[in-house]
Amino acid sequence: MAWTRKDLLAMRDLEPGEILTLVDTAASLEEIASRDIKKVPALRGKTIVNLFYEPSTRTRTSFEIAGKWLSADVINFTASASSTTKGETFVDTAKNIEAMSPDVVVVRHSASGAAELLARELDCSIVNAGDGAHEHPTQALLDLLTIREKKRHFEGLQVAIVGDITHSRVARSNIHAMRKLGVTVTVAGPPTLIPPFIGELGVKVAYRLEEAIRDVDVIMMLRLQHERMAAGLIPSVREYSRYWGLSLDKLQKHARPDVLIMHPGPVNRGVELSPEVADSHYSVILDQVSKGVAVRMAVLFLLAGSRSSEGQVRA
Amino acid sequence: MNRPAPRRREKAQVLDEAALDRALTRIAHEILEKNSGASNLAFVGIRTRGVTLAHRLAAKIEKIDGTSLPVGALDITLYRDDLDMRGAPVVRGTDIPFSIKDKTVVLVDDVLYTGRTIRAALDALIDLGRPRMIQLAIFIDRGHRELPIRPDYVGKNLPTSRREVVAVRMKEHDGEDRVVIEEPEDA
């Protein structure tokens, strides 16, 4: 299916065919990572700005490497070191960046909807690299690419997403994408961290880890943010880890022997995942990270490479 | 920007199945003659039909010479000079499971037209390593070059007008082995 969108904002917006186009394009680009010379000229002369209002190492680096391997010029703009501290508004900052004619702006912000706001205000392409508790589409895409490589297909798979569902944009993006591709999704976690009405997204809910991980093909563990305890949503990290942490013992007792363990990172070892599980052969956490670069290359390539100037279409 | 492809009708048949096969056999012999045998040769086809032709040429050479040559597939989407004009690019991936370093690489494509695809393919190939030599095998050379590129092996020279399209149809993709000239239906 041909890619025609200006922006990538949310998995919720996409057609199943568009999701597969992104995953297929990423799969084709994976071989670049194994070349001696990791550079192709596809986006030569294009400018990509990473506009990050939240700390992020993995995602920002991943977009930066992806852009550079495609020969684009990548500029990092980190909010704390910038005019934001001098009182400039988000949209003003973005418009100032746009005045320097970038082709793609990659935005990470703590407010849900930040990427969509920019997409409306700016003419260049916008990629949502995580907005509040809303969506993180490139994370869902790299999860899908990892799953497809290991399981060969999507239709009929069963996936459990475990942890803080309420505050997780990773969970939200994955739920939307997986439901469109025919995957059955079960979410699980302490009741305080499961949003009410989550069933309306077409997922099952489990309130015990053992029940959630039984017979599934993939277990996706989410990071527990320490501030959830301060907010009174969990009694203690130790209790969370006892009930919701995945140990090798629980995994081998309740899950299938060919289950995949995924985690969007960074991992709290000993909290949501025991170190033995994180380092086990079930874990594909590092595959996820390398696939992240391929996915971001695909997104940048499809957005920046498909913007055509009217009247110049060649037969 | 996605424009529906204009409808085309077949204007003339250029090669039938037997003629197509004979041309491939001749090219295979020419490759062996020019390189004094098959040692150190490798085929790289340009997706999609160049890859199929490369596999057919490799099979011919195996039949003639008994040598089994490696065949790779090259996708040149990331090297095009007209990305902005085409829209919605489809990347099908490069798959060359052998080192091209110091090899004589025979680059294969179905139709040679402006030469821009070959220019992109040369860049893509050289980014993967340093071959000793690159030769170009083309099934149909239809003229209208825009770059200084010439093939080493040609199935057939076919003078065409720019509004015509040359279609190399192959069993693996189209269910038949045939070369035809097509023209827009509104003509």
Report task. Among the numbered conditions (1) without any contact (Cβ under 8 Å) to a residue 24 or more places away in the chain; (2) open to solvent by 60 Å² or more (accessible area, probe 1.4 Å); (3) assigned to a loop (DSSP other than H, G, I, E, B), tell me where A:LYS38 comes up short. Result -> (1)
**Report entry** Any chance A:THR21 is open to solvent by 50 Å² or more (accessible area, probe 1.4 Å) and either part of a loop (DSSP other than H, G, I, E, B) or within 13 Å of chain B (Cβ to nearest Cβ) (or both)
**Finding:** no
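Would you please name the residue that is most open to solvent (accessible area, probe 1.4 Å), looking only at residues in segment A:190-210 that are at negative phi and small (Gly, Ala, Ser)?
Here is the first cut: in segment A:190-210, the residues at negative phi are A:190-196, A:198-201, A:203-210.
Right, trim to small (Gly, Ala, Ser) and you get A:199, A:206.
Values: A:GLY199: 45, A:ALA206: 3 Å².
Looking at the filtered set, the residue picked out is A:GLY199.
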Query - Residues (over 16 Å from B:LEU24 (Cβ atoms) and assigned to a helix (DSSP H, G or I)) located in segment B:118-171 - result: B:ILE118, B:ARG119, B:ALA120, B:ALA121, B:LEU122, B:ASP123, B:ALA124, B:LEU125, B:ILE126, B:ASP127
Query raised in the report: Taking the stated definitions as given, is A:ALA255 more than 22 Å from the chain's Cα centre (by Cα) and either among the small types (Gly, Ala, Ser) or buried (at least 19 other Cβ atoms within 10 Å of the Cβ) (or both)?
Result: yes
Query raised in the report: Quick check: anything in segment A:20-29 farther than 20 Å from B:ALA124 by Cα and in contact with a helix residue (DSSP H, G or I) (Cβ under 7 Å, 6 or more places away or on another chain)?
Result: yes
Report task. Would you kindly identify the strands (runs of 3 or more DSSP E) lying entirely within segment B:7-85 that contain at least 3 residues that are open to solvent by less than 10 Å² (accessible area, probe 1.4 Å) and touching a residue at least 40 places away in the same chain (Cβ under 8 Å)? Result -> B:41-46
Query - Given (1) modelled with pLDDT under 95; (2) open to solvent by less than 40 Å² (accessible area, probe 1.4 Å), number of the condition A:GLU272 does not satisfy - result: (1)
Requested in this report: Report the residue count in segment A:56-76 for those that are touching a strand residue (DSSP E or B) at 6+ places or on another chain (Cβ under 6 Å), touching a residue at least 60 places away in the same chain (Cβ under 8 Å), not hydroxyl-bearing (Ser, Thr, Tyr) and not in a helix (DSSP H, G or I).
Outcome: 1
Requested in this report: Answer yes or no: is there a residue in segment A:77-89 that is modelled with pLDDT under 95, assigned to a strand (DSSP E or B) and open to solvent by 50 Å² or more (accessible area, probe 1.4 Å).
Outcome: yes
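Okay, residues lined up against (1) surrounded by fewer than 19 Cβ atoms within 10 Å (Cβ to Cβ); (2) without any contact (Cβ under 8 Å) to a residue 12 or more places away in the chain:
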{"residue": "A:ASP215", "(1), (2)": "yes, no"}
{"residue": "A:ARG228", "(1), (2)": "no, no"}
{"residue": "A:GLU239", "(1), (2)": "yes, yes"}
{"residue": "A:LYS291", "(1), (2)": "no, no"}
{"residue": "A:VAL299", "(1), (2)": "no, no"}
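Right, A:ALA133: of a type in the set (A, V, I, L, M), in contact (Cβ under 8 Å) with a residue 24 or more places away in the chain and farther than 29 Å from A:LEU286 by Cβ or not?
Values: of a type in the set (A, V, I, L, M): yes; in contact (Cβ under 8 Å) with a residue 24 or more places away in the chain: yes; farther than 29 Å from A:LEU286 by Cβ: no.
In short, no.
The values are calculated or read from the model by the stated rules, or taken from the named source; none is laboratory data. Keep in mind that this is a model prediction, so the values were computed, not measured. Glycine also receives a Cβ, built like all others from the backbone with ideal geometry; neighbour counts cover every protein chain displayed. Heads up: the accessible areas ignore ligands, DNA and RNA and are worked out on the full protein's heavy atoms, side chains in. Shrake-Rupley method; radii C 1.70, N 1.55, O 1.52, S 1.80 Å.
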